[in-house]
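Inspection log for the structure reproduced underneath, given as C-alpha cells.
The values are calculated or read from the model by the stated rules, or taken from the named source; none is laboratory data. Since this is a predicted model, take the numbers as computed values, not measurements. When we count neighbours, we look across all protein chains shown, and the Cβ atoms used for this are built from the backbone with ideal geometry, even at glycine. Calculation scope for accessible area: heavy atoms of the full protein, side chains included, ligands and nucleic acids excluded. Shrake-Rupley method; radii C 1.70, N 1.55, O 1.52, S 1.80 Å.
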Amino acid sequence: MADGILILNKPEKMTSHDAVNKIRRIYKTKQVGHAGTLDPMATGVLCVLVGRAVKASEYAVCDSKEYRVGLKLGFESDTEDIWGEVVPVGKPVMPAKDEVVRVARSFIGDIMQVPPMYSALKRGGVKLADLARRGVVVEREARSVKIYDITVEEADEAAGEYIFYVSCSKGTYMRTLCADIGRALGTGGVMSSLVRTKSGSFSIDCAKTFEELENMSAGELDAALILTERLFCELPSVVLPEFFAKLARSGCEIYQTKIKTAYPTGTLVTLYDADGFFAVAEALDFENGPALKPRKQFRI
C-alpha cells in the first residue's frame, strides 16, 4: 500500500473531510487523513496523509502558512466572509490605498486574535461552526498568533477591494484578520476570497488537482506522494548505529549519553538508521537519565 504525503489543491465548496473521502476512493484505502483544515470557501494547499503517514498528523510541524487573501471594505458579516449574512456598514468613505496598507501592516508581529464562531475549533466535542449554524454563540478566548508579513498584490481603491499576501503562524484566521483590519479602518471588512499558497515547506506549485489525480495510473499516484519525513523537516534528526536503531524500532528508549546527544526534555526528533527515516521520538527523563523515546513508528 502507498504511504506518504499528497499535496492537494483543494477546490472551493468542499470541506477538508470531503476531500479526504475523495482521496480514499482514488487511492483505494481507508488510511487517509489531513494536516491543517481548510474551510469550504478556501482553496489551495491541503496536506493529505496517505497510508502509514496518517500517524504523523499529531506531530506534523507546519507552523508557517502563506495565503492570498481577498478583503472587501464597507461590509460586516456573521461569518466574517462574503459567504455569510453580509451587511453594509453605513456609507463609509473608502480610505486611500496607503492608509489601508499602513493599517494592514500594523498587524505584523505577535497579535491576539479571537477565533471566529465559524471555525473547526471544538467546544465540548462539537465544532464551533456547527454550534453557530444552530444559532449558538459561545465565548472564545483570544489566542496569540503571529503575522510575519503582509503585502498588497492588487487594489481597487475606489471599490475598497484588496488582495493581500499574508505569511503567518498556524492557527491564524484570515477571515478574522480581514474583519479586524476593517474595524481598525472604521469601514468594516469581510474576507472575499482565500487561497492557501503554502503550508510549511509545501507550495501550491507542487499541489495536485482532483482532475489530475483521477487521470493518473496506480504508479503515477504512488509517485505523486512525498516522503512522510518531509512533515518533520523542522525537527532535529538523529542517525542511530544499528544496535541502537534496532532497540528504537522495538520501542525502547535510547539513553542520550550512549549516543552523545543532549536534547532538552520535550524535544521531538526524527530517528534514522542505515535505511533512512523510521520514527519520531521525544526526549524524556528516565530514572537512569535522559533518553529518546520513540513515539511513532513509520516503517515496519
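Table: residues versus (1) open to solvent by 50 Å² or more (accessible area, probe 1.4 Å); (2) over 18 Å from the mean Cα position of the chain (by Cα).
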| residue | (1), (2) |
| --- | --- |
| Gly189 | no, yes |
| Asp205 | yes, no |
| Asn215 | yes, yes |
| Ser237 | yes, yes |
| Leu240 | no, yes |
| Arg249 | yes, yes |
| Lys260 | yes, yes |
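With the structure loaded, tell me whether Val138 is in contact (Cβ under 8 Å) with a residue 12 or more places away in the chain, β-branched (Val, Ile, Thr) and surrounded by fewer than 16 Cβ atoms within 10 Å (Cβ to Cβ) or whether it fails that test. Answer is yes for this residue.
Scan the range 220-243 and tell me whether some residue there is of a type in the set (D, E, K, R) and not in a helix (DSSP H, G or I). Scanning the range 220-243 turns up at least one residue that is of a type in the set (D, E, K, R) and not in a helix (DSSP H, G or I).
Looking for something small (Gly, Ala, Ser) and either in contact with a Phe, Trp or Tyr (Cβ under 8 Å, 6 or more places away or on another chain) or open to solvent by less than 30 Å² (accessible area, probe 1.4 Å) (or both) - is there at least one such residue anywhere in the range 88-102? Don't jump to the end; show me each part of the working.
Step one: of the range 88-102, the residues small (Gly, Ala, Ser) are 90, 96.
Going one step further and asking which of them are either in contact with a Phe, Trp or Tyr (Cβ under 8 Å, 6 or more places away or on another chain) or open to solvent by less than 30 Å² (accessible area, probe 1.4 Å) (or both), we end up with none.
No.
Ala245 passes every criterion in (1) modelled with pLDDT of 95 or more; (2) closer than 28 Å to Val48 by Cα apart from (2).
In summary, Asp285 fulfils each of the numbered conditions (1) surrounded by fewer than 13 Cβ atoms within 10 Å (Cβ to Cβ); (2) outside any strand (DSSP E or B); (3) out of contact with any strand residue (DSSP E or B) (no Cβ under 7 Å at 6 or more places or on another chain) with the single exception of condition (2). Here Thr267, Thr257, Thr209 are screened, and the one residue that is in contact with a strand residue (DSSP E or B) (Cβ under 8 Å, 6 or more places away or on another chain), in contact (Cβ under 8 Å) with a residue 24 or more places away in the chain and under 18 Å from Ala56 (Cβ atoms) is Thr267.
Can you confirm whether the range 103-123 contains a residue that is β-branched (Val, Ile, Thr), open to solvent by 40 Å² or more (accessible area, probe 1.4 Å), closer than 20 Å to Lys198 by Cα and modelled with pLDDT of 95 or more?
Taking the range 103-123 and keeping what is β-branched (Val, Ile, Thr), we get 103, 108, 111, 114.
With the extra rule that they be open to solvent by 40 Å² or more (accessible area, probe 1.4 Å), the set shrinks to 108, 114.
If we keep only those that are closer than 20 Å to Lys198 by Cα too, we end up with 108.
From what's left, modelled with pLDDT of 95 or more: 108.
Checked against the condition, which is being β-branched (Val, Ile, Thr), open to solvent by 40 Å² or more (accessible area, probe 1.4 Å), closer than 20 Å to Lys198 by Cα and modelled with pLDDT of 95 or more, the range 103-123 yields at least one hit.
It is to be established whether one or more residues within the range 70-80 are acidic (Asp, Glu) and either under 19 Å from the mean Cα position of the chain (by Cα) or surrounded by fewer than 18 Cβ atoms within 10 Å (Cβ to Cβ) (or both). Walk me through it before giving the result.
Initially, the range 70-80 is screened for residues acidic (Asp, Glu), giving 76, 78, 80.
Checking which are either under 19 Å from the mean Cα position of the chain (by Cα) or surrounded by fewer than 18 Cβ atoms within 10 Å (Cβ to Cβ) (or both) leaves us with 78.
Yes: the range 70-80 contains one or more residues that are acidic (Asp, Glu) and either under 19 Å from the mean Cα position of the chain (by Cα) or surrounded by fewer than 18 Cβ atoms within 10 Å (Cβ to Cβ) (or both).
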